[in-house]
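Peer 1: Below: one structure in structure tokens.
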Amino acid sequence: ANMLPQLYDLEGDELTEHTYYIDMLSLHDTLYQQGRYTHQLDSTEIVGLVLIADSSKGIAGAQAKSILESAYGYHFMNCPELEGTAAYKSVTISMDALSKVYGLDISVKPNPAKQWAAFNYTLPTGVTSAIIIITDISGKTVATLSVNGKQGQKIWDTRHIVQGVYIYTLKAAGLSKSGKIIINK
């Protein structure tokens, strides 16, 4: 989470929202380390949540409001004000980019492949098994390969695979990263 401002060049309001998010992560970490729950906050922690709930328009604000509403009887109105046809900025982070931040990565060589393809993979910290799903362009699964170990290589025999374009997806720990491979006979 601390890397996000540099990865996505956050500045201004985005950087402020990120700071609130880090504050929420820190609160959750503190509670976990002390064996406490969100309904066991001290007055200073509650004041911090109120500040985030009142100031943040992002995920941290929603989390703070949820904790305050469920455990401390606060009530927040969620009626955004829009000027004209403008809406809130929508930031989309691709699953591939998020997966890379967590350490999930995959590449394939040769590409295009004729008789075989070697998938080189890296899994997130603490994850030692995953699957590579290979589909044709219509989405039909043509192969599922199991992988084990923090990083390694898995060979796919393509001698009996029809020439064409295929999508490979490495799935591990709720994350996924995809790419294209061409089979050319």
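Peer 1: Any residue in the range 162-185 that's on the phi > 0 side of the Ramachandran plot: show its pairings with residues that are open to solvent by 60 Å² or more (accessible area, probe 1.4 Å) and of a type in the set (Phe, Trp, Tyr) at Cβ separation under 8 Å, as long as the two are six or more apart or on different chains.
Peer 2: Within 8 Å, the pairs are Ala173/Tyr102.
Peer 1: Being without any contact (Cβ under 8 Å) to a residue 12 or more places away in the chain and open to solvent by less than 80 Å² (accessible area, probe 1.4 Å) is the filter here, so list the residues in the range 41-57 that pass it.
Peer 2: Hit for the range 41-57 is Asp42, nothing else.
Peer 1: Turning to a different aspect of this structure: From the residues in the range 132-154 that are under 23 Å from the mean Cα position of the chain (by Cα) and aliphatic (A, V, I, L, M), which one is farthest from Pro112 (Cα to Cα)? Steps first, answer last, please.
Peer 2: At the first step, the residues of the range 132-154 found to be under 23 Å from the mean Cα position of the chain (by Cα) are 132-135, 139, 144-152.
Within this subset, residues satisfying the condition of being aliphatic (A, V, I, L, M) are 132-134, 145, 147.
Working: Ile132: 18, Ile133: 18, Ile134: 15, Leu145: 19, Val147: 22 Å.
If we take residues in the range 132-154 being under 23 Å from the mean Cα position of the chain (by Cα) and aliphatic (A, V, I, L, M), then Val147 is farthest from Pro112 (Cα to Cα).
Peer 1: Only residues in the range 14-37 that are without any contact (Cβ under 8 Å) to a residue 40 or more places away in the chain and within 15 Å of Ile67 (Cα to Cα) count as the first member; pair them with residues that are outside any helix (DSSP H, G or I) and open to solvent by 70 Å² or more (accessible area, probe 1.4 Å), Cβ under 7 angstrom, at least 6 apart or cross-chain, and list the lot.
Peer 2: Every condition considered, the pairs that remain are Leu31/Tyr37.
Peer 1: Now for a separate question. Report, by residue number, each residue of the range 155-178 that is open to solvent by less than 60 Å² (accessible area, probe 1.4 Å), among the polar types (S, T, N, Q) and over 14 Å from the mean Cα position of the chain (by Cα).
Peer 2: Thr158, Thr169
Peer 1: Let me ask you something else. One residue is enough: does the range 115-122 have a residue meeting the conditions surrounded by 12 or more Cβ atoms within 10 Å (Cβ to Cβ), in contact (Cβ under 8 Å) with a residue 60 or more places away in the chain and out of contact with any helix residue (DSSP H, G or I) (no Cβ under 7 Å at 6 or more places or on another chain)?
Peer 2: yes
The values are calculated or read from the model by the stated rules, or taken from the named source; none is laboratory data. Source: prediction; values computed, not measured. Positions of Cβ are generated from backbone atoms using ideal geometry, with glycine treated the same way; all protein chains shown enter the neighbour counts. We work out accessible area using only protein heavy atoms, side chains counted, and drop any ligands, DNA or RNA first. Shrake-Rupley method; radii C 1.70, N 1.55, O 1.52, S 1.80 Å.
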